[in-house]
Amino acid sequence: MKKIVLASGNAGKLKEFREILKGYEIVTPKDIGVDFDVEETGETFYENALIKARALYELCHLPTVADDSGLCVDVLGGAPGVYSARYEGGMIRLLKELTGVKNRAAHFTSCIVYYDGENIIEATGYVYGKIADAPHGNNGFGYDPVFMSDELGKTFGAATSEEKNAISHRRRALDALFAKLNANKA
Ligand code: IMP
């Protein structure tokens, strides 16, 4: 089975990648004895994912996959976007900034890049919704309690992981990447 190294040690991500990229052996840097840490200096999700995929490839010389994701709020011009993980105050700051704001449209984006030293294969997924007036539910992580999914009619924080993972931005990017990998026979 073809081995692909995932540029993350996150257990949840690893599980999702393994479930969707069937026919590939997905391993972590740790599994192959590589110490991986890189600064995300890009200005787009694609740039950051590519930076991570390339940096990991240079360390292991095996095919790699890396993802970058975040929450984009329309009325904030797409912020916090690529800076989601570094947006100080997170959910609470976001709710404050949107106090009294009518247009609460937002989406999560996930960009995944595959790199094997030669081919770059990119796939992006989106999920649309609105920023709730207050957090609902304790499931998930990050902005999940304030992201009201248009499709689920509830926040990701109030959804089960099965409900969220069936429609999530990462799921959609992974499905698209899987199709592209198969088409490229990479
Ligand atoms: P990454 O791990 O560098 O891609 O950073 C992603 C950041 O975006 C996280 O720290 C969260 O703040 C946010 N984020 C991305 N995906 C999700 C999600 O599915 N739910 C909630 N927050 C998310």
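The values are calculated or read from the model by the stated rules, or taken from the named source; none is laboratory data. Predicted, not measured: the structure shown is a model, and the values here were computed from it. Virtual Cβ from ideal backbone geometry, glycine too; neighbours counted across all protein chains shown. In case anyone asks, the SASA skips ligands and DNA or RNA and just uses the protein heavy atoms, side chains included. Shrake-Rupley method; radii C 1.70, N 1.55, O 1.52, S 1.80 Å.
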Unit-weight point scatterers at every alpha-carbon of region 1-112, Debye formula, q = 0.19, 0.21, 0.23, 0.24 1/Å: log10 I(q)/I(0) is -0.97, -1.09, -1.22, -1.29
Computed over region 53-103, protein heavy atoms only, probe 1.4 angstrom, the accessible area per residue in square angstrom equals 52
Descending packing, highest mean Cβ count within 10 Å first, for 53-62, 122-131 is 122-131, 53-62
At a 1.4 Å probe, what is the % contribution of carbon and sulfur to the accessible area of the chain? 51
About its Cα centre, what dipole magnitude does region 11-93 give when the only charges are +1 on Lys and Arg Cβ and -1 on Asp and Glu Cβ, stated in debye to the nearest 20? 260
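Pairs 3/154; 52/96; 30/154; 102/180; 2/154; 2/52: which are spaced more than 30 Å apart, C-alpha to C-alpha? Provide the component values of the computation, followed by the final result.
Working: 3/154 37 Å; 52/96 32 Å; 30/154 37 Å; 102/180 39 Å; 2/154 39 Å; 2/52 20 Å.
The pairs that break the limit, which is 30 Å between Cα atoms, are 3/154; 52/96; 30/154; 102/180; 2/154.
How big is the C-alpha Rg of region 122-186 next to the rule-of-thumb value 2.2 N^0.38 Å, as a ratio?
Numbers: Rg = 13.7 Å, N = 65, 2.2 N^0.38 = 10.7 Å.
The value comes to 1.27.
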With +1 on the Cβ of every Lys and Arg and -1 on the Cβ of every Asp and Glu, the dipole magnitude of the chain about its Cα centre, in debye rounded to the nearest 20, is 440
Give the relative contact order (percent, whole number) for the chain; include only Cα pairs under 8 Å separated by 6+ residues. 17
Apply the Karplus parameterisation 6.51 cos²θ - 1.76 cosθ + 1.60, with θ equal to phi minus 60°, to every residue of region 157-163 and state each ³J(HN,Hα) to the nearest whole Hz, in sequence, with x for glycine and proline. x, 9, 8, 6, 5, 5, 4
